[in-house]
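Contents: one structure, followed by commentary.
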Amino acid sequence: MSLRHPGLRSDLLYLDYNATTPVDPVVVEAMLPYLREHFGNPSSAHSYGWAAHQALERSRADVATLLGCSPGEIIFTGGGSESDNLAIRGVALACREQGQGDHIITQVTEHPAVLNTCRALERLHGFRVTYLPVDEYGRVSPEQVERAIDRRTVLVSVMHANNETGTLQPLAEIAAIAHHYGALMHSDAAQSVGKITTSVADLGVDLLTVAGHKLYAPKGVGALYVRRGLGFTLEPVLYGGGQERGLRAGTESVAACVALGAACRLAAERLPSESARLRRLRDLLWQRLRESLGEQVQLNGHPEERLPNTLNVSISGLSGEEILAATPEVAASTGSACHEGSTDPSPVLLAMGLGRARALGALRLTLGRWSSVDEVERAAVSLLRSMRALARNMRS
């Protein structure tokens, strides 16, 4: 790994890896031949098509290795949101067609791809959806899942890691409850795959979402793990040919799938050492803020059960947007990237019981493959300088 990604500027500190990651140069090199000479359709029965098909299957195996499943359980999609749609809508419509039920359980801090798919199933297809609350750390209680589940429940969908706070959910416990009552378990693991070990067997999930651009592959490619032996075929989101076991019509973007495979292979090689390195950097950044601000800075999310790269903090008396506007040399976020442009408090933080002022004072600082001790130290100095200047202006 080079010390600096060619797309990262030396004068701009990138602390927004949860929004998107730069494509790893190794990933770029892996996909280039499939944008140039290996242009065949993977469904074609000649050497051009066979080369593309082989690349597709090698990449499928790379994704499967990272997740601890078989290659035949991996479906390539156009991204995390499509994977969420295929999993939730696909299970719901297929199960109802078989008369199995019409109830879904999810939770209030899910990604919009999950929440809006559930709302569409309510509105257009008459499904019942239970939206579970979270505690002060953003975690779902397995006991609440058990109270909500019933004989008509076909699916429980709970994300692995929250994109804003990094909080990890007790998926294995929730999955065990779902299976006890005959329901399937889906998890949007877009933020956790590549950052921490994400074994589908250990988590106990039946379906799991992967998003390429969260683990150093390009945007526009993702995957869905679908456990073999579900007993039915998911209802597709896209209708057409028989690609991806008939679950995702359309000729596969071989270059993008190769990129995702390469990204998963890199992640598998670097875990868990990269997780430990990112945790040290995250804790160093928290330490620097805490040393200077004391009780004025508050941690949002679970203190232990969270992603190693994610630090979400609130600064008392200051707005997160104002802090970032005063610190143009730091590229970070005030919340989920999907909510940027809105001055409303983060719905995730509000759902955790944080007051409006604390939610508006939040900063999401997320680290990644090209983050370094020097960058963390420089970011802390810049952010603290801006905070002190804003505080002085408020007093004057």
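The values are calculated or read from the model by the stated rules, or taken from the named source; none is laboratory data. If you're wondering where the values come from, they're calculated on a predicted model, not measured in any experiment. In this analysis, Cβ positions are derived from the backbone assuming ideal geometry, glycine residues included, and neighbour counts consider all displayed protein chains. What goes into the accessible areas is simple: the full protein's heavy atoms, side chains included, and nothing from ligands, DNA or RNA. Shrake-Rupley method; radii C 1.70, N 1.55, O 1.52, S 1.80 Å.
Rg to Rh for the chain: what is it, with Cα atoms only and Rh by Kirkwood?
0.99
Where both residues lie in the range 56-183, what percent of DSSP beta bridges are antiparallel, nearest 5?
10
Just from the alpha-carbon atoms, what are the Rg and Dmax of the range 180-240 in angstroms?
13.1, 38
Name the residues whose placed amide hydrogens come within less than 5 Å of the amide hydrogen of VAL330, ignoring near sequence neighbours (fewer than 5 apart) on the same chain.
Amide H to amide H, under 5 Å and 5 or more residues apart or across chains, VAL330 pairs with LEU13.
Put one equal scatterer on each alpha carbon of the range 281-396, apply the Debye formula with no solvent term, and list log10 I(q)/I(0) at q = 0.11 1/Å to two decimals.
Debye intensities relative to I(0), on a log10 scale: -0.33.
Where Rh is the Kirkwood radius over the Cα pairs of the range 52-112, the temperature 4 °C and the viscosity 1.567 mPa s, what D in µm²/s does Stokes-Einstein return?
Estimated diffusion coefficient is 94 µm²/s.
Compute the label zone of THR251 within the range 1-44: residues whose backbone N is under 15 Å from the point 7 Å along Cα-to-Cβ.
Correct set: 34-44.
With every protein chain kept in place and ligands, DNA and RNA left out, what is the accessible area per residue of the chain? Probe 1.4 Å, answer in Å².
41
Report relative contact order for the range 84-199 in percent, whole number only (criteria: Cα-Cα under 8 Å, sequence separation at least 6).
Computed over the range 84-199, the figure is 27 percent.
Using per-residue counts of other Cβ atoms within 10 Å, averaged over each peptide, order 274-281, 213-220, 317-324 from highest down.
The packing order, highest mean first, is 213-220, 317-324, 274-281.
For the range 24-61 and the range 67-98, compute the distance between their C-alpha centroids and round to whole Å.
So the two Cα centres are separated by 23 Å.
Using a 10 Å cut-off on Cβ atoms, rank the peptides 163-173, 56-66 from the highest mean neighbour count down.
Highest-to-lowest ranking by the protection proxy: 163-173, 56-66.
For the range 4-119, report the convex hull volume of the alpha-carbon atoms normalised per residue, in Å³, without decimals.
Taking only Cα atoms, the range 4-119 has a hull volume of 173 Å³ per residue.
Taking the alpha carbon gyration tensor of the range 176-304, what are the square roots of 5 times its eigenvalues, largest first, to the nearest whole Å?
35, 20, 13
For the chain, give the percent of accessible area contributed by carbon and sulfur heavy atoms, probe 1.4 Å, rounded to a whole number.
52
Where does each of 41-51, 381-391 land if you order them by average Cβ count within 10 Å, highest first?
The densest-packed peptide leads the list: 381-391, 41-51.
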